[in-house]
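The values are calculated or read from the model by the stated rules, or taken from the named source; none is laboratory data. Here the structure is a predicted model, which means the values were calculated and not measured. All Cβ positions, glycine included, derive from the backbone under ideal geometry; neighbour counts span all protein chains shown. Surface accessibility is based on the protein's heavy atoms, side chains included, excluding ligands, DNA and RNA. Shrake-Rupley method; radii C 1.70, N 1.55, O 1.52, S 1.80 Å.
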Amino acid sequence: MSDQPWPFVPNPNVIDVDHAEGRKLYLSNGRTLLDASGGAIISNIGHGRKEVADATAAAMVSMSYAIPPFTTPQRKRLVERLRRVWLPSHLTRVWLASGGSEACDAAFKIALQHFNAKGETRRTKIIGRDISYHGTTALTLAVGGHVARKVGFESVMTNTLRAPTPYSLRSPLGRHHPDFDIAAAKALEDIILAEGPDTIAAFVCEPINGSSGGAIMPGPRYWPMVQDICQRHGILIITDEVMVGFGRTGKNFAAEHFDLKADIMISGKGLAGGYAPICGVFASDAVMSPLADAGMAPMFYTYSGHPGACAAADKVLEIMEREELVTRSAQKGEELRERLNSALGQHPNVAEIRGQGLFFGIEVVANRETLEMFPAESRMTQRIVGAGVEEGVFFYTGGTGAVRDILCIGPAFTVTDDELDQMVKALKTAIDVSIV
Ligand code: PLP
C-alpha cells in the first residue's frame, strides 16, 4: 500500500490544491486550475471571502458548540433570514444537517414519521426516479437511482420503486418526442396505482436533475401533472435541491421555474457555498404538525445547526443578496448557453447541451445521429475531465454509470466573461483530444 496520506484509496493522479481564490484553484506544483464546476457544484460565491471567515470565527469564539435542540443567536439569525428572503412562504419549518446525504435521509424519515403519526401506517414506500442521486446513506442510496454508487450494497436496500425521469433526449417515445414529459408523469401514476396509493408515503425528485443526469430539464407539463397526481393520492412531494437550490438555476430554488410546491424540500450546497458543512430540510406546517401532536421529532445529528456553520451560511446568503448573485446566475447562465451552443452545438460528439441558470450538462456520445454511447470501458468522461485539467480547467463528471459521458459546468456566480470563454474553449479542446 502507498504511503500517500490522502485520499483514502491512493491515487497517483490526485490533484494537490494548495489554496484557492475567486474561481481559481492554485496547485502545489505551481499550476492554476479554473474551477468550472465550483467543486461539486457548491462554490456559489467563490473562494476567499474573508467576511465569511470572520463571521465563522466570531461564532466559534462565542461558543464551540450547542446541542441542536437549543437555540443560539447564529441558528436564530440563519432561520430568520431563510424565512424572510429565501424560502417559499409555505415552508416554515427548518431542520439542519451537515450535508446532503444526512438531510435527504432525515427528510425521507420525516415523511414516514408524518404518516405514522397520523395513523396511516400502510404508507411506508418512497418512490424515487431512475436517474437520480440523494446521497450515500443506505436509505438515500436505496431511494436514488445512481447505479454505480450502489454496487456492493444491494443487500441493505429494500426500497426499489423508481419512476422514469423525463429525459427528452432519450425518451422511450423517441428523441425529443413532444409528449416525453406527459409519458413520464403517467408512468409515475401507473406505479402508484400498481402498488396501491395508500401504501405510498412520498415521491422524491430533483426538480432539475443534478449531476446524476447532468441538468436534465423536465419539460413544461411534467411538474403540473405530478403535483396533481400526488395531491389526488395523498402522497407527499419531496424535492431534492441539494445541488440546484440557492440560486444555482437562476431562481432561489429550481422548483420556482415550474410553480412546483413541495411538501418537504432539501437544499444545501449553495447554502454556505462550501465555507461550512450545512444542509437544510424545509417542511410545511401541515407536514410537521402531526409529528408535533404525536410527540415525535426527527432525531438530530450531533452537528445539526452547528453555530459556526450557521454563521457562515448566514454571511454567504447575505453576500448573495447584497451582490444580487441569483440574478447574476440567470444572466451569466444565458451567456454561457450562447457560448456553449456556438462552440459545441453542432459538434459530431455532442448530443445535447442543457441546463438553466449557471448549471449545464453536456452529453457526449459516440454517434450524434444514433445517440450510441462510448463503451463504459473507454471511461470517456474521465478522459475528458483529465484533458480539461491539462487545459487548466476543472469540469465535474455527470451520469450514473448507466447514463454516462456527461460533463457538468456550474461555476461561481461571480464568474467573468473571460472565464466563461476559457471554460468553453477548454471543453471543446478536451472533447476533441479525448475522442481519437
Ligand atoms: N442530493 C443531491 C441532488 C446531490 O447532488 C447530492 C450530492 O451531490 C446529495 C444529495 C448528497 O449530498 P452530500 O454529498 O452532501 O452528502
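Entry for the range 6-62 at q = 0.13, 0.17, 0.24 Å⁻¹: log10 I(q)/I(0) = -0.46, -0.72, -1.00, Debye formula applied to identical alpha-carbon scatterers, no solvent contribution.
Residue 26 exposes around 70 Å² of accessible area when a 1.4 Å probe is run over every protein chain in place. With Cα atoms defining each centre, the range 281-296 and the range 210-238 are spaced 23 Å apart in the structure. The modelled label-to-label distance for the pair residue 289/residue 156, using points 7 Å beyond Cα in the direction of Cβ, is 3.7 nm.
Once all protein chains are placed together, residue 368 keeps about 60 Å² accessible to a 1.4 angstrom probe.
The three principal axes of the C-alpha atoms in the range 152-261 carry coordinate ranges of 37, 32, 31 Å, sorted with the longest axis first.
So which of 118/261; 109/332; 118/269; 150/251 end up more than 26 Å apart, counting from Cα to Cα? Kindly include the intermediate steps, with their values, before the conclusion.
On the way: 118/261 22 Å; 109/332 37 Å; 118/269 32 Å; 150/251 32 Å.
Table pairs above 26 Å Cα-Cα are 109/332; 118/269; 150/251.
Where the eigenvalues come from the Cα gyration tensor of the chain, what are the semi-axes √(5λ) of the equivalent ellipsoid, largest first, in whole Å? Show your work: numbers first, answer last.
Working: eigenvalues 211, 165, 79 Å².
They are 32, 29, 20 Å, listed from largest to smallest.
For the range 364-422, the normalised intensity computed at q = 0.26, 0.29 Å⁻¹ comes to -1.08, -1.20 (log10 of I(q)/I(0), Debye sum over alpha carbons, equal scatterers, no solvent). The phi-based Karplus calculation (6.51 cos²θ - 1.76 cosθ + 1.60; θ = phi - 60°) puts the 3J(HN,Hα) values of the range 316-333 at 4, 5, 4, 5, 4, 5, 4, 9, 6, 6, 5, 4, 5, 4, 5, 5, 5, x Hz, whole numbers, x for Gly and Pro.
Residues whose amide H falls under 5 Å from that of residue 163, counting only those 5 or more places apart or on a different chain, are 128, 129, 130, with hydrogens built in the peptide plane. Computed from phi, the 3J(HN,Hα) profile of the range 117-129 under the Karplus parametrisation 6.51, -1.76, 1.60 (θ = phi - 60°) reads 5, 7, x, 8, 6, 6, 7, 10, 9, 10, 9, x, 10 Hz, with x in place of Gly and Pro.
Each principal axis of the range 273-411 carries a Cα extent, and these read 58, 36, 29 Å when sorted largest first. Close amide-amide hydrogen proximity is noted between residue 396 and 408, each under 5 Å apart and 5 or more residues distant or on a separate chain (H modeled in the peptide plane; Pro and chain starts excluded).
Residue 81 sits with roughly 30 Å² accessible to a 1.4 Å probe, with DNA, RNA and ligands left out of the calculation. Relative to the globular-protein estimate of 2.2 N^0.38 Å, the Cα radius of gyration of the range 91-206 stands at 1.14. With θ taken as phi - 60° and the Karplus curve 6.51 cos²θ - 1.76 cosθ + 1.60 applied, the whole-hertz 3J(HN,Hα) list for the range 418-423 is 4, 5, 4, 4, 4, 4 Hz, x standing for glycine and proline.
For the range 99-165, the Cα-based Rg and Dmax, in that order, read 12.1, 37 Å.
At a Förster distance of 56 Å, what's the computed FRET efficiency of residue 334 paired with residue 3, Cβ-Cβ distance as r, to 0.05? Before the final figure, lay out each step's value.
Working: r = 49 Å, r/R0 = 0.87.
Taking R0 as 56 Å, the efficiency between residue 334 and residue 3 is 0.70.
Share of pairwise Cα-Cα distances greater than 27 Å in the range 190-315 is 27 percent (whole percent). Per-residue accessible area (protein heavy atoms, 1.4 Å probe) orders 353, 41 as 353, 41, starting from the largest.
Quick one: of the DSSP bridges fully inside the chain, what percent are antiparallel, nearest 5? Among the beta bridges of the chain, antiparallel pairing accounts for roughly 70 percent.
With Cα atoms defining each centre, the range 373-411 and the range 30-103 are spaced 29 Å apart in the structure.
I need the calculated FRET efficiency for the pair residue 432 and residue 256, taking r as the beta carbon distance and R₀ as 45 Å, to the nearest 0.05.
Details: r = 37 Å, r/R0 = 0.83.
Efficiency computed from Cβ-Cβ geometry: 0.75.
Distance between the 7 Å Cα→Cβ label points at residue 346 and residue 321: 4.8 nm.
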